[in-house]
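Visitor: Have a look at the structure that comes next, please.
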Amino acid sequence: MDAKKSTQTNAKLLTKADQERVLNMFQSGINMQTIRKELRLSHPAFHATLKADPKFADQFKVCQHDADLIHAVMIKSLLYGDESVQEIYSPLWKDGEIVKDKEGHPILHLTQVIKKHTPPNEKLITLFLKGWFPELYGEKAEVTIENRDYETPDVLKNRITKALQLGGS
């Protein structure tokens with residue numbers, strides 16, 4: 001445990017520019033694993049910066065909260081569909097004339113409310129499942145390997161490894 005603490009305290013902190021990049025990328029919907037990989041940031045450096053810089057930590061928490069809200073809305077939409085409300089306003093009439101306010105604009109009143117329900121989009125659900133559970137819903141690849149008499153076990157092993165790598169991506 002002490003070794004882990006000393007690693008985090010000795011970790012190089014993120015520069016202000018890297019902090020800004022992290023926040024911008026995270027707000028854009030990119031996950032932390034990808035951000036760390038793209039910016040070549042170490043896990044200990046990121047967490048050491050969160051501990052050392054309260055302003056960055058607060059900004060990151062806000063980004064996390066926003067991402068959680070967007071995620072929740074997306075899940076609700078995927079599972080239940082969307083509802084929209086359209087309000088229709090008409091001018092107010094009195095004694096055969098449109099009633100106007102002091103500036104001469106017609107006074108409007110709500111005459112109709114239209115509620116629309118859009119069912120869940122099956123294509124979006126499929127994409128979501130493939131992204132979150134690729135091992136269950138991802139594309140399946142069929143790999144066929146023939147052992148030719150002239151191949152040594154090492155050559156065959158290399159072919160199998162290559163085929164599995166191609167099939168897994």
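Coordinate-derived values only; no laboratory data. Everything numeric here is computed off the predicted structure, so don't read it as measured data. Note that each Cβ is placed from the backbone with ideal geometry, even for glycine, and that neighbours are counted across all protein chains shown.
Visitor: Which three lengths, in whole Å and largest first, does the stretch 58-110 cover when its Cα atoms are put on their principal axes?
Guide: Over the stretch 58-110, Cα extents along the principal axes are 57, 31, 8 Å.
Visitor: Moving on to the next point. Can you pick out the pairs among Lys61/Lys130; Lys16/Lys51; Lys37/Lys123 whose Cα atoms lie more than 21 Å from each other?
Guide: Lys61/Lys130; Lys37/Lys123
Visitor: Hey, what do the phi angles of the stretch 82-89 turn into as Karplus ³J(HN,Hα) couplings, whole Hz, using 6.51/-1.76/1.60 and θ = phi - 60°, x for Gly and Pro?
Guide: 10, 10, 10, 10, 10, 9, 10, 10
Visitor: Report the dimensions of the stretch 1-80 along its three principal axes from the alpha-carbon atoms, largest first, rounded to Å.
Guide: So the three principal-axis extents are 48, 29, 23 Å.
Visitor: Sticking with this one: Could you order the peptides 80-91, 47-58 from most to least packed, using the average number of other C-beta atoms within 10 Å per residue?
Guide: Top to bottom by mean Cβ count within 10 Å: 47-58, 80-91.
Visitor: Under a straight-distance cross-link criterion of Cα-Cα below 19 Å, which aspartates and glutamates are reachable from Lys157, leaving out those fewer than 8 residues away in the same chain?
Guide: Glu142, Glu146, Asp149
Visitor: Arrange the peptides 111-122, 35-46 so that the one whose residues have, on average, the most other Cβ atoms within 10 Å appears first.
Guide: The packing order, highest mean first, is 35-46, 111-122.
Visitor: Quick one: Karplus J couplings for the stretch 103-119, per residue in order, coefficients 6.51, -1.76, 1.60, θ = phi - 60°, nearest Hz, x for Gly and Pro?
Guide: 7, x, 8, x, 7, 9, 9, 5, 10, 7, 10, 10, 9, 10, 10, 9, x
Visitor: Ordered by residue, what ³J(HN,Hα) values in Hz, to whole numbers, does the stretch 73-80 give under the Karplus form 6.51 cos²θ - 1.76 cosθ + 1.60, where θ = phi - 60° and Gly and Pro are x?
Guide: 5, 5, 4, 4, 5, 5, 7, 10
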